[in-house]
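Input: a single structure, listed below in structure tokens.
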Amino acid sequence: VSLALFPHKMSTVSDLARHYVGELRATRRDGPYHLCGYCFGAAVAVEMALLMIDAGERVESLVLVEPPYPGARALQIGLHAAGRFLHLAVQPAEIFGYVRSRRKRWLGRDQGAPVPGAGGPVGGFDQVLRVMDNAVAHHAFRPYPGRVTILLGRQSPKRFLGALGWRAIAEGGVNVHLIEGGHGGIFNEDLVSFFRNTVEH
């Protein structure tokens, strides 16, 4: 999801999905299509797939990498906190660093670097994350008729709860695969190998 569009030009999952479907059709007019989204982009990829299916197009595969929880804001917060707790419980060496980073945010000392975009700076990265969380929390996810593949990092707190919620949306079922790395470090050779094997088979 390009920060040239989000959040100061488009800040809803539906608007972004319509935009990217248009971009995809301009590049490749005929399917079948293989769609993939990372983190917040996973929610956009799901809506893109549904828009394309609504238009009679064929979506061959849908892969969600470290997706958000597709539900209400309060439940998102609770699940994220539970995931962090479980992650820290099995990674005790990270507790000090996590508490220190939380303390800086609570005290307002860690606003992050300004995020540039076509419409100018958009606060700190924490502000962008809040807008993303709100966009997912307010999006009405529809059932997806096919199977969804979810990739989660072995070192990511999302690995405990990453598929929760998506099972109720994916009518064709959910396949979950663990890849080496954390939420921000999942783009590695394991991920490349997964996609290479998927394309070949």
Q.
Using a 1.4 Å probe on the protein heavy atoms only, what accessible surface does Val1 show? Give it in Å² to the nearest 10.
A. 80 Å²
Q. When the accessible area of region 1-44 is split by element with a 1.4 Å probe, what percent falls to carbon and sulfur?
A. 50 percent
Q. Which whole-number value in Å² is the accessible area per residue of region 1-46, probe 1.4 Å?
A. 50 Å²
Q: Leaving ligands, DNA and RNA out of it, work out the accessible area of His138 with a 1.4 Å probe and give it in Å² to the nearest 10.
A: 150 Å²
Q: Any chance you could look up the accessible area of Asp15 with a 1.4 Å probe, heavy atoms only, rounded to 10 Å²?
A: 60 Å²
Q: Arrange the peptides 184-196, 152-164 so that the one whose residues have, on average, the most other Cβ atoms within 10 Å appears first.
A: 152-164, 184-196
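The values are calculated or read from the model by the stated rules, or taken from the named source; none is laboratory data. This one's a predicted model, so the numbers in the text were calculated from it and none came from an experiment. Glycine gets a Cβ as well: all are built from the backbone with ideal geometry, and neighbour counts include every protein chain shown. Ligands, DNA and RNA are stripped out before the accessible areas are found, and what is left, the full protein with its side chains, is counted by its heavy atoms. Shrake-Rupley method; radii C 1.70, N 1.55, O 1.52, S 1.80 Å.
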